[in-house]
Amino acid sequence: MVDQLLVAALFAGLLFCLIFTRLQAVWVFVCSMLAAYFFGLVDTAEVLDKASNPGVITLVLLLLVSTGLEKMPWLSRLSHTLITPSYAGSLLRLGGATALFSAFINNTAVVATLAHTVRSNRHHPVSKLLIPLSYAAILGGTMTLIGTSTNLIVSSFLQDATNGEHSLAFFDFLAVGATATVLGLVAMLISSRLLPVSSVEPLDINEYVIEAEVSEASSLIGKTILENRLRDLEDLFLVEIVRGNYLISPVTPQEHIEAGDKLIFSGDITRVQALEAFDGLRLFAVEEGLLRENMIEVIVMPNAAIEGRTVKESAFRSVFDAAVVGMRRGGKRLSGKLGNITIQAGDSMMLAVGPDFNERKNLDKNFVIVNEEVGQAQTTALQNYVVTAGLFLVVALATLELVPLIKGVAGLLCVMLLLGVVGGGELRRRFPFELWLIIASALTLSQALSNSGLVAVLADTLRANLAVMGPWGAMIGIYLGTLLLTETMTNNAAAALAFPVAFGLAESYGVSFMPFVMAVAYGASASFLTPYGYTTNLMVQNLGGYEFRDYFRAGLPLSIVYAAVVILLVPQVFPFQP
């Protein structure tokens, strides 16, 4: 009884922190897991066993492999043919291609690649295509085991709950997922009428920076930035210096001014009068040639290390070798002193980057780069064909159960390393350490639930209250409960919390666990109503200038269609009585 109360308190605290606080999910899960361990609810062997769960290792390997798959040029080449003068045709072609690629490649990378195509199209407002783009990526991820990390997490839990006897096959998701995708695209075609008609232009350098050229007779020449007090401006910040054909970035306080230097300032460019106090500075419109090559646009990821801090507090320049030139939130430009603006998830930033920007280890945990050309590595034809063929071979062998998925993915990763598609340093930077901690912690907490007997108590209670509806009604309850969780927290956290109850409920009914397991998987991916439940929804928020209500209006019809498909088809594809 005491153990049950302790576990209940842990899970109550876990839910409270995930929903009502800004604490990062990784710390919430790890601290809860450690509390369960130190309270004796799980032992050391169980903690270590969860950390090395085959499903978790498979997920880690797949995320590392996706680093190489993102470099394949197929989607980028195809993207230019997707948008035509016909809106219906464009939405279906764009949505179909997005869903197909999202079934095999990281959803975030797919949306980042195609968002550039959407924003540069001349036929339709970007606001009519970006939310459908995100929704199509979510739908596509539900079609295969590797389409989304959520499916792999559920498979990890299933392996753990059945002591390795059962796991989800590669195409177990296809029948329901493909049906939901096709009907979902039709629903989006109808609900797209509810989307706003607006075109949010890409961040323009001239909106955010101002250029001042040092004249030949200026008294600033020969003195350092510090001596000239160019770092003491209240509303403007010296970002870079263009000297001939060279770009000096970042600018150190000891850098000397030379005649002809073009000083690039960012911040509140309406305060240009502050520069008039400096002898020999002439203001010009920015010439975008050299400077444009050094500017990139990024979107702040949910749970980024810099979220909740100001630009100054995050030591942005030293941490990322980049300076913030401009910011947008909700499609609107943020003005004033950039250093004092608190960073939020989903913010669009224009950065002036230094030579070491792409080598920083923390980029992927903080940003999504939305420029098509930035950070895109060039791969050879040999690399492209070998890696693509390798992916299809891994999928085929796993589907035919000839080679375990974990072994095939490990082999593909080795091939990528040998071909030079990815490097050791790149894999270290992209290693999903936090996600691994979350899943391992969630598996440990699930074990604590089982050890204490609380899962059985919850399952019996739910069964008693849902007795009239039977297993089908219970499955619907699990789906709706998971959906509610995923709309209020991350999809991965929702799956981790809902699975133990779903599995225990299936056991209490004495029926197959598969309908309940799949209800959790599909429910955790059904984030269509808010921008916060899924990363791609947050990515397109600023790019399309969307408000919260736009997601709800466009997503509600899709959510209803998706739910109907799941509730009706899951029991048919995965019967309660095997």
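The values are calculated or read from the model by the stated rules, or taken from the named source; none is laboratory data. Fair warning: this is a prediction, and the values are worked out from it, not measured in the lab. Cβ sites come from the backbone with ideal geometry, for glycine too, and all protein chains shown count toward neighbours.
For region 5-44, residues that are crowded, with 18+ Cβ neighbours inside 10 Å and of a type in the set (S, T, N, Q) total 2. Check whether at least one residue in region 38-45 is of a type in the set (A, V, I, L, M), at pLDDT below 85 and in contact with a Leu (Cβ under 9 Å, 6 or more places away or on another chain), and report yes or no. No, region 38-45 has no match at all. Of all the criteria given as (1) in contact with a Ser or Thr (Cβ under 6 Å, 6 or more places away or on another chain); (2) among the charged types (D, E, K, R); (3) over 23 Å from residue 110 (Cβ atoms), the one not satisfied by residue 430 is (3). The residues of region 540-578 that are assigned to a helix (DSSP H, G or I), in contact with a Phe, Trp or Tyr (Cβ under 8 Å, 6 or more places away or on another chain) and over 24 Å from residue 109 (Cβ atoms), listed by number, are 556, 559, 563, 566, 567, 570, 571. Scanning region 84-110 for residues that are basic (Lys, Arg) and either farther than 27 Å from residue 71 by Cβ or in contact with a Gly (Cβ under 9 Å, 6 or more places away or on another chain) (or both) yields a total of 0. Against the test of being closer than 27 Å to residue 445 by Cβ, free of Cβ contacts under 8 Å to residues at least 24 places away in the same chain and either in a helix (DSSP H, G or I) or among the charged types (D, E, K, R) (or both), the options 496, 521, 464, 474 yield a single qualifying residue, 464. Here is a check on your reading of the model: is residue 15 at pLDDT below 85 and outside any helix (DSSP H, G or I)? It is false that residue 15 is at pLDDT below 85 and outside any helix (DSSP H, G or I).
Can you confirm whether residue 78 is assigned to a helix (DSSP H, G or I), without any contact (Cβ under 8 Å) to a residue 60 or more places away in the chain and either over 30 Å from residue 176 (Cβ atoms) or out of contact with any Leu (no Cβ under 6 Å at 6 or more places or on another chain) (or both)? In short, yes.
Say whether the condition of being loosely packed, with under 15 Cβ neighbours inside 10 Å, over 23 Å from the mean Cα position of the chain (by Cα) and part of a helix (DSSP H, G or I) is met by at least one residue in region 85-102.
Here is the first cut: in region 85-102, the ones loosely packed, with under 15 Cβ neighbours inside 10 Å are 85-86, 88-89.
Restricting the remaining residues to those that are over 23 Å from the mean Cα position of the chain (by Cα) gives 85-86, 88-89.
With part of a helix (DSSP H, G or I) added as a condition, the list becomes 88-89.
Within region 85-102 (the criterion being loosely packed, with under 15 Cβ neighbours inside 10 Å, over 23 Å from the mean Cα position of the chain (by Cα) and part of a helix (DSSP H, G or I)), the answer is yes, since at least one residue qualifies.
Could you check, for region 301-312, whether at least one of its residues is modelled with pLDDT of 80 or more, over 23 Å from the mean Cα position of the chain (by Cα) and not in a strand (DSSP E or B)? No: zero hits.
Close contacts from region 42-53, counting a first residue that is over 15 Å from residue 10 (Cβ atoms) and without any contact (Cβ under 8 Å) to a residue 24 or more places away in the chain and a second that is in a helix (DSSP H, G or I) and not acidic (Asp, Glu), with Cβ to Cβ under 7 Å and a gap of 6+ residues or different chains, come to none at all.
Among residues of region 524-575 being within 18 Å of residue 187 (Cα to Cα) and among the small types (Gly, Ala, Ser), the one that is surrounded by the most Cβ atoms within 10 Å (Cβ to Cβ) is 525.
Has region 506-516 got at least one residue that is among the acidic types (Asp, Glu), in contact with a Leu (Cβ under 8 Å, 6 or more places away or on another chain), surrounded by fewer than 21 Cβ atoms within 10 Å (Cβ to Cβ) and part of a helix (DSSP H, G or I)?
No, region 506-516 has no match at all.
Of all the listed residues (403, 421), the sole one being of a type in the set (Val, Ile, Thr), outside any helix (DSSP H, G or I) and in contact with a Lys or Arg (Cβ under 7 Å, 6 or more places away or on another chain) is 421. For residue 458, the criteria (1) within 26 Å of the chain's Cα centre (by Cα); (2) within 20 Å of residue 19 (Cβ to Cβ) hold in every case but one, which is (1).
Annotation: of all residues in region 46-58 being farther than 10 Å from residue 448 by Cβ and either of a type outside the set (A, V, I, L, M) or exposed (fewer than 12 other Cβ atoms within 10 Å of the Cβ) (or both), the one that is modelled with the highest pLDDT is 48. Of all residues in region 375-388, those that are farther than 14 Å from residue 75 by Cα have Cβ atoms under 6 Å from Cβ atoms of residues that are outside any loop (DSSP other than H, G, I, E, B) and modelled with pLDDT of 90 or more, 6 or more apart or on another chain, in 383/419.
When only residues in region 139-176 that are without any contact (Cβ under 8 Å) to a residue 60 or more places away in the chain and assigned to a helix (DSSP H, G or I) count, which is farthest from residue 500 (Cα to Cα)? Within region 139-176, the match that is farthest from residue 500 (Cα to Cα) is 140.
Is it the case that region 354-372 has a residue that's in contact with an Asp or Glu (Cβ under 7 Å, 6 or more places away or on another chain), of a type in the set (A, V, I, L, M, F, W, C), in a helix (DSSP H, G or I) and modelled with pLDDT of 75 or more?
The initial filter retains those residues of region 354-372 that are in contact with an Asp or Glu (Cβ under 7 Å, 6 or more places away or on another chain), namely 354, 356-357, 360, 370-371.
Adding the requirement that they be of a type in the set (A, V, I, L, M, F, W, C) leaves 357, 370.
From the residues that got through so far, the ones that are in a helix (DSSP H, G or I) too are 357.
Now drop any that are not modelled with pLDDT of 75 or more, which leaves 357.
Yes, some residue in region 354-372 is in contact with an Asp or Glu (Cβ under 7 Å, 6 or more places away or on another chain), of a type in the set (A, V, I, L, M, F, W, C), in a helix (DSSP H, G or I) and modelled with pLDDT of 75 or more.
Summed over region 528-539, the residues that are in a loop (DSSP other than H, G, I, E, B) and at pLDDT 85 or above give a count of 2.
Looking for something aromatic (Phe, Trp, Tyr), under 27 Å from the mean Cα position of the chain (by Cα) and surrounded by fewer than 17 Cβ atoms within 10 Å (Cβ to Cβ) - is there at least one such residue anywhere in region 422-436? Yes, region 422-436 has at least one match.
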